[in-house]
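Trainee: Have a look at this one before I ask anything.
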Amino acid sequence: MATDKIRIFDTTLRDGEQAPGCSMTLEEKLRVARALADLNVDIIEAGFPAASPGDFEAVKAIADADYGPVICGLARCNPEDIEKVHQAVNGARRHRIHVFVATSAIHREHKLKMAKEEIIRSAVGAVRMARELADDVEFSPEDASRTELGYLAEVVSAAIEAGASTVNIPDTVGYTVPGEFDRLFRYLKEHVEGIDGVTLSVHCHNDLGMAVANSLAAANAGARQIECTINGIGERAGNCSLEEVVMALKTREEFFGLHTDVDTRRLYPTSRLVSSITGMHPPRNKAIVGDNAFAHEAGIHQHGMLQHASTYEIMRPEDVGIARSNLVLGKHSGRHAFRDRVRELGFELDEFETNRAFQEFKKLADRKKDVYDGDIEAIIMSADGATSGPYTLKSLEVRTATDRDALTTVTLIGEDGQEQSASAEGDGPIAAAVKALEAVTGVAVELRNFELHSASVGEDAQGEVTVTVEHDGSSYRGNGTSVDIVEAGCRACLEVINRILRRRTSGLSAPPSDPTRATI
Ligand code: KIV
Ligand code: ZN
C-alpha cells in the first residue's frame, strides 16, 4: 500500500533544550545533531539564535557541519531575529527560517498588547522578509489551539500569501484534545485558500498527556509534518515524543496510511544519548524507550510470548534498536566480543573510541563481575570530561557515619603530572567531596541538583550521576559514571570544574545562568 510521507521535524535542540535542566553545551548539541541525522529526521530545529550568543553559535556550528537534514532556526517576527537566523543557518545546504507570533486572545491582550490586524501585519512582514533570505520559510501562530477559528484561518491565509512554505499549528499549552484538533485541522483545510500548496505541520505540548495523540489526530486530518523531541523533552510536561509518534505511525501504518523515513533502529541509541547528556532519564515504563517497554514479567504473558511473540508484543525490540540479550560480558571477554556487543547495541565507534571504551570496560570488569548492556551503554555515553583535564581523579576515600559529618579525601593529578590531595568534611560524602575538589582546584562551585540513575541491574550496577552546579552566577551540568555512586558524583563535579577551567584558559565566556528563552 502506498502511503503518504510525514516529515519529522525534530526540535530537541530548541524546544527540548528550553526545558529547565536540559540545556546543552555546543559539543553536546553537535553530538545530538549528528545522532538526529543518523536517525534520518527531515528537519532539525537547532535553536533560537536571537536568544543568546551561545544559541547563535550552536545553530551556526550545526548548520556549518551540515549533517544532511534541513537546519532550521526560530525567530520572532522582527528583522533582528530573522537576520540572526539567516546568518546562523545559511551554512547548511538546506536551511529554513521559522517565524512565530502568538495569535490567541489571551496572548494578544496580556502578552503582546497588540490588536488582531497588527499581528497579521507583523506576521506578513516577517514571512516576507524571511522569504527574501530563504526559500524555505515556516510560520507558526503560537497558541493556535486557543485562537478563534475564523481569525486563525485569516492569519494562516495571510502567511501563506506572504510566502510561507510550511504552516505549523501549535498546541502551545497542551490544551486541545484529539477530536477538537481534528476539527481544527479540517476547518483550516476547508477555509484557508492555498493551504494545499503548503506543508501543514503540528506542534503539540504534553500538559494533559495528549501530545502524541493530538499530533496523530492532526496527521489523520491532513498534517504532513510533525514537530517532536527525543524522549518528549520540552517546556513543562514536554513536547510530542518522537519515538512514540514515529512508532505509532509505523505500527499502525495500515490505519493512518502514513509513514516516516526515520530509521527506527536508531531510536533507542538516540534516546539514550539525549538522556545521558541531559540527565533526564525516561521513566522505566515509558513507551518505546523505557527499560520496561519490552519486559514481560507476568507468568501468563511469558507463557504467551514463548508460544508466539505476537501474543503480547506489537513491536519487536530490535525494531527500535534495543538489542537486549542475556549475554553478559565479564573480565575474560575479549576485544572482539566487546566490539560485537557494541555494534549490536547500535553504536558505531571509530578505532579511537573503541579503544577508549574497551579500556573502560576492562576497568569496570575488574570491579564488577557481570557487565550488562546498560553498563556498556553507560561507558559509551560517558564523555568522561574528567579525563579531558586539566585534572583527572586518581583516588577517592570516604568515611561516613550516622552520628558525624562525612570526611572525603580526593587525590587529583594535574596537567603537570603532579598529585594534589585535599580532605574536607561535609553533611554527606558528596558535600565533602565538593569541598575537597574546590580546595585542590581553586574553583568554587555550589551544588544545585544531584540525579542518580542506575545503568543496569543488581547491587553492583553502575550509577550514572548528573549534577547541576553554579559557579560565578552561571549554571553548569556534568555527568559521571561509576559502580561507586560517590565516585560518580565526584567525577560529575570534576567534569564541570574542568570545563570551567578550560573555558577560563580559552577566554570563552560562561554560559547563561538561566537559559530560558525570555520571550517564549
Ligand atoms: O509551543 C509553541 O508554540 C512553540 C512555537 C514557537 C512553535 O514552540
Ligand atoms: Zn513549543
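The values are calculated or read from the model by the stated rules, or taken from the named source; none is laboratory data. What you are looking at is a predicted structure, and each value in this text was computed from that prediction instead of being measured. Note: ideal-geometry Cβ built from the backbone for every residue, glycine included; neighbour counts use all protein chains shown.
Trainee: Does region 193-200 contain any residue that is surrounded by 23 or more Cβ atoms within 10 Å (Cβ to Cβ) and either of a type in the set (A, V, I, L, M, F, W, C) or more than 20 Å from Ala126 (Cα to Cα) (or both)?
Mentor: No, region 193-200 contains no residue that is surrounded by 23 or more Cβ atoms within 10 Å (Cβ to Cβ) and either of a type in the set (A, V, I, L, M, F, W, C) or more than 20 Å from Ala126 (Cα to Cα) (or both).
Trainee: Just the residues that are within 11 Å of ligand 1 (Cβ to nearest atom), out of contact with any Phe, Trp or Tyr (no Cβ under 8 Å at 6 or more places or on another chain) and outside any loop (DSSP other than H, G, I, E, B), please, taken from region 143-158.
Mentor: Ala144
Trainee: Looking only at region 18-47, which residues are within 16 Å of ligand 2 (Cβ to nearest atom) and modelled with pLDDT of 95 or more?
Mentor: If the condition is that a residue be within 16 Å of ligand 2 (Cβ to nearest atom) and modelled with pLDDT of 95 or more, then Ile43, Ile44, Glu45, Ala46, Gly47 are the ones that fit.
Trainee: How many of the residues in region 214-235 are away from ligand 2 (no atom under 13 Å from the Cβ) and either touching a Phe, Trp or Tyr at 6+ places or on another chain (Cβ under 9 Å) or not assigned by TED's automatic domain parsing to the domain that holds Phe9 (or both)? Don't jump to the end; show me each part of the working.
Mentor: Going residue by residue through region 214-235, those that are away from ligand 2 (no atom under 13 Å from the Cβ) are 216-225, 230-231.
Subset that is either touching a Phe, Trp or Tyr at 6+ places or on another chain (Cβ under 9 Å) or not assigned by TED's automatic domain parsing to the domain that holds Phe9 (or both): 216-223, 225.
Selection size over region 214-235: 9.
Trainee: Anything in region 159-209 that is part of a helix (DSSP H, G or I), within 16 Å of ligand 1 (Cβ to nearest atom) and over 13 Å from Gly222 (Cβ atoms)? List them, or say none.
Mentor: Ala159 - this is the single residue of region 159-209 that is part of a helix (DSSP H, G or I), within 16 Å of ligand 1 (Cβ to nearest atom) and over 13 Å from Gly222 (Cβ atoms).
Trainee: On to the next question. Scan region 484-501 and report the pairs whose first residue is of a type in the set (S, T, N, Q) and whose second residue is in a helix (DSSP H, G or I), with Cβ atoms within less than 6 Å and a gap of 6+ or a chain change.
Mentor: Close Cβ pairs (under 6 Å, with a partner that is in a helix (DSSP H, G or I)) amount to Asn498/Gly385.
Trainee: Quick one: in region 376-390, which of the residues that are at pLDDT below 85 and buried (at least 16 other Cβ atoms within 10 Å of the Cβ) is nearest to Ala337 (Cα to Cα)?
Mentor: That would be Met381.
Trainee: Right, another one. Out of region 214-229, which residues are more than 16 Å from ligand 1 (Cβ to nearest atom) and either outside any helix (DSSP H, G or I) or surrounded by 21 or more Cβ atoms within 10 Å (Cβ to Cβ) (or both)?
Mentor: Matches in region 214-229: Leu216, Ala217, Ala219, Ala221, Gly222, Arg224.
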